[in-house]
Amino acid sequence: MIRTRANRAFAGYLAAWTSSALGDGLRATALPLLAASLAAGPRGVAVVAAAGGLPWLVFGLVAGVLLDRWPRLAAMVATQLTRAVTLGALAVLVALDLVGIPVLVVVAFVLGTCEVVFDIAAHSALPSIVPREQLQRANSRLLFGEISMAELAGPLIGGVLFAVAAVLVTAVTAAAFLLAFGLLGLTVRAPSARPGTASERASIRLDLLAGGRWFFRAPTVRAISLLSVALNLAGGGFLAVLVVLAKERLGAGAIGYGVLVAVGSVGGLVASAVADRLSGAGQRRAICLLAGPVIAVAFAAVGAFPNWPVTAAGLTIWGAAATLLNIVALSYRQAAVPDEMLGRVTAVHRFLVWGALPLGALGAGFLAEYAGVTAVAPAAAGVVAIGVLAVWRTLSRAPREQFAL
C-alpha cells in the first residue's frame with residue numbers, strides 16, 4: 001500500500017483513472033463495431049482507428065510543452081468533460097441514425113486529441129503525487145485499473161451493450177467519462193506543474209528543442225521508446241483489423257469480439273498485479289530486453305494459426321509482455337527525467353510511440369484489403385523483430401544499475 005501523506009489524493013486519482021479507463025474500453029469497442037456495422041470494410045474500420053491516433057502526430061509535441069506550463073491536473077479535468085460531451089453528442093446521432101464513417105472519424109479525432117492531453121498530463125503529474133521510490137508500485141496499480149477496465153470489463157460490457165443497442169454503449173461511455181470528470185474535480189488536491197516565470201516562458205520551438213535534446217541524449221530512454229514504436233506499429237495495425245479477423249475467420253459477432261479482446265487482457269492484468277514485485281534493477285533490465293522477442297513470437301503464432309485458442313493466447317502473451325515493459329519504462333522515465341522537463345520528454349516519447357498507432361492502423365488496413373486479414377499478424381511479427389534488432393545493442397550494454405529507481 002502506498003503510505004504517504006498524499007494517500008487520499010492518490011486514491012481519488014486512481015478512482016478517476018479507473019473510470020476513465022472504463023470509458024476508453026467502451027469507446028475502443030464501440031467505434032470499431034459502429035464502423036463495421038456500416039459495411040465499411042477493413043479500410044474504413046482502419047481509417048476510423050487511424051483518426052483516433054492521428055492527434056499524437058499533430059498535437060503530441062506541442063501538448064508536452066504546454067503541460068510543462070499549465071496545471072496538469074486541471075487539464076485532465078477539462079479533457080474528461082470534453083470526452084463526455086463528445087460521446088453524448090455521438091449517442092444522439094446514433095439514436096437519430098445519422099452516423100457514417102465521416103462522423104466516426106471526427107469523433108475518433110476529438111477523443112484522440114483529449115487522450116493526448118490526458119495521457120501526457122497524467123503521467124507527468126504522478127511524480128507530484130507519490131514519491132520516487134513508489135512510482136513503480138503506483139504505476140502498477142494504475143495499469144491494473146486501466147487493463148481491468150479498458151481491456152477486460154470495457155470490451156465485455158461494450159460488446160453486450162452494442163448487441164442490445166448501439167446508442168446504449170455510446171451513452172454509457174459518456175457516463176463513464178463524466179464520472180471521471182467528477183472524481184478528478186472533487187477528490188484530487190495534489191500539487192500540479194508550476195507555471196513558468198516570465199523568463200522561463202521561452203517560445204514553444206525552443207522548449208520543444210530542449211525536450212528533444214534531453215530525449216535523444218539519453219540512450220536508454222531513447223532505445224526503450226524506439227522499441228515501443230515498433231510494438232505500437234505492429235499492435236496498432238493488428239488491433240485495427242481484429243474486429244474483421246474475428247468476424248471473417250473466427251465467426252465472432254459483437255459479443256464474441258468483446259470476449260476475445262477481454263480474454264486477451266488477462267495477461268496484462270496478471271502482469272500489472274505482479275509488476276511491483278519485479279523491482280530489482282536486473283529484473284527491469286531483463287524485461288526491457290525480452291518483452292520484444294516474446295511479443296514477436298506471439299504475433300507469429302497468431303499469423304500461423306488464426307483460430308480462437310491461438311489468437312486468444314497470443315493476445316494474452318502480448319498483453320503480459322507489453323504491460324511489464326510499459327510499467328518499467330514509465331517508472332524509469334518518471335524517475336530519470338527532471339520534473340520541469342517531464343511533460344516535454346513524455347510528449348516526445350508519446351509522439352513517437354502513440355503516433356505509430358495510426359500509421360500501423362492504416363498500413364494494416366491496406367494490407368488486409370489487398371493481401372487478406374490473415375497477413376497482418378505475420379507482418380506485425382516482422383515489425384517487432386526489426387525493432388528488437390534496432391535497439392538490442394543499446395539495451396544489452398546499458399549498466400544494470402541504470403535501471404534502479
Do we find a residue being touching a residue at least 40 places away in the same chain (Cβ under 8 Å), among the polar types (S, T, N, Q), more than 28 Å from Leu34 (Cβ to Cβ) and surrounded by 17 or more Cβ atoms within 10 Å (Cβ to Cβ) anywhere in region 249-268? no
Can you tell which of Arg333, Arg393, Arg344, Arg350 is surrounded by fewer than 19 Cβ atoms within 10 Å (Cβ to Cβ) and of a type outside the set (Ser, Thr, Tyr)? Arg393
Can you pull out the residues in region 302-321 that are crowded, with 18+ Cβ neighbours inside 10 Å and farther than 22 Å from Leu143 by Cα? Val302, Gly303, Pro306, Thr311
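Name the residue, out of Leu260, Leu250, that is assigned to a loop (DSSP other than H, G, I, E, B) and either touching a strand residue (DSSP E or B) at 6+ places or on another chain (Cβ under 9 Å) or modelled with pLDDT under 80 (or both).
Numbers: Leu260 fails: assigned to a loop (DSSP other than H, G, I, E, B).
Sole residue among the options that is assigned to a loop (DSSP other than H, G, I, E, B) and either touching a strand residue (DSSP E or B) at 6+ places or on another chain (Cβ under 9 Å) or modelled with pLDDT under 80 (or both): Leu250.
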Quick one: Val297 ticks every box in (1) modelled with pLDDT of 90 or more; (2) buried (at least 21 other Cβ atoms within 10 Å of the Cβ); (3) of a type outside the set (D, E, K, R) bar one, so which box is it? (2)
Those residues that are surrounded by fewer than 22 Cβ atoms within 10 Å (Cβ to Cβ) and farther than 18 Å from Val345 by Cβ, I need them from region 120-133; list them, please. Pro131, Glu133
Hey, among Ala230, Ala223, which residue is under 24 Å from Arg285 (Cα atoms), crowded, with 20+ Cβ neighbours inside 10 Å, of a type in the set (A, V, I, L, M) and in contact with a Ser or Thr (Cβ under 8 Å, 6 or more places away or on another chain)? Ala223
State all residues of region 355-405 that are under 25 Å from the mean Cα position of the chain (by Cα), among the small types (Gly, Ala, Ser) and outside any helix (DSSP H, G or I); if no residue qualifies, say none. Ala404
Any idea which of Leu186, Leu208, Leu233 is modelled with pLDDT under 85, in a helix (DSSP H, G or I), within 30 Å of Ser396 (Cα to Cα) and among the aliphatic types (A, V, I, L, M)? Leu208
Quick one: in region 29-53, of everything that is of a type outside the set (Gly, Ala, Ser) and farther than 24 Å from Ile147 by Cβ, which residue is modelled with the lowest pLDDT? Pro42
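Does Thr79 fit the bill of being among the hydroxyl-bearing types (Ser, Thr, Tyr), within 30 Å of Ala371 (Cβ to Cβ) and surrounded by 23 or more Cβ atoms within 10 Å (Cβ to Cβ)?
Details: among the hydroxyl-bearing types (Ser, Thr, Tyr): yes; within 30 Å of Ala371 (Cβ to Cβ): no; surrounded by 23 or more Cβ atoms within 10 Å (Cβ to Cβ): yes.
Criteria not met by Thr79.
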Residue check for Leu14: more than 30 Å from Ala371 (Cα to Cα), in contact with a helix residue (DSSP H, G or I) (Cβ under 9 Å, 6 or more places away or on another chain) and modelled with pLDDT of 85 or more: yes
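The values are calculated or read from the model by the stated rules, or taken from the named source; none is laboratory data. Please read these numbers as outputs of a predicted model, since none were measured by experiment. Glycine also receives a Cβ, built like all others from the backbone with ideal geometry; neighbour counts cover every protein chain displayed.
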